[in-house]
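Read through the structure below, which is laid out as structure tokens, and then see the notes.
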Amino acid sequence: MVSCIKFSLWVLVLVVALDFACSDHEVAHVTLQVVNDVDPNWVPYTTVVTVPAGQSVYKLLLIARETIPGFTFEATYHAQWGHHVTSINNLAADDNVNTFWQLEDMNGLPHVQAHLRKW
């Protein structure tokens, strides 16, 4: 398991980069947890995604969508800011009710938490 991981977060834009200071042949087993902070009755979703070292969180989400049955996500691309996650597991952010997806690094552990939050 790779533990050399660092995150960067762009404010309100869900583009997070995983910076692995590891050799190219290593893989990371990253825990991905999806939490709805707007609806406390919504059951959190947790899975482990195996990705090549050095991949972005966007690539991690693409791999999760391809390899984990039932996992979905959607994103838009902004030339200046990169990818912006708009939906995870059919739970969409909504500008009309001021909700957005935010990714957190869990103190540098190989763990990503995706939270649906209200502004």
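Data for the structure
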read-out: V48 being at pLDDT 90 or above, surrounded by fewer than 16 Cβ atoms within 10 Å (Cβ to Cβ) and in contact with a His (Cβ under 7 Å, 6 or more places away or on another chain); value: yes
read-out: Qualifying residue in the range 82-98 (condition: hydroxyl-bearing (S, T, Y) and modelled with pLDDT under 90); value: no
read-out: Residue within the range 52-68 that is within 16 Å of V35 (Cα to Cα), of a type in the set (S, T, Y), at pLDDT 90 or above and surrounded by fewer than 18 Cβ atoms within 10 Å (Cβ to Cβ) present; value: no
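The values are calculated or read from the model by the stated rules, or taken from the named source; none is laboratory data. Please read these numbers as outputs of a predicted model, since none were measured by experiment. Virtual Cβ from ideal backbone geometry, glycine too; neighbours counted across all protein chains shown.
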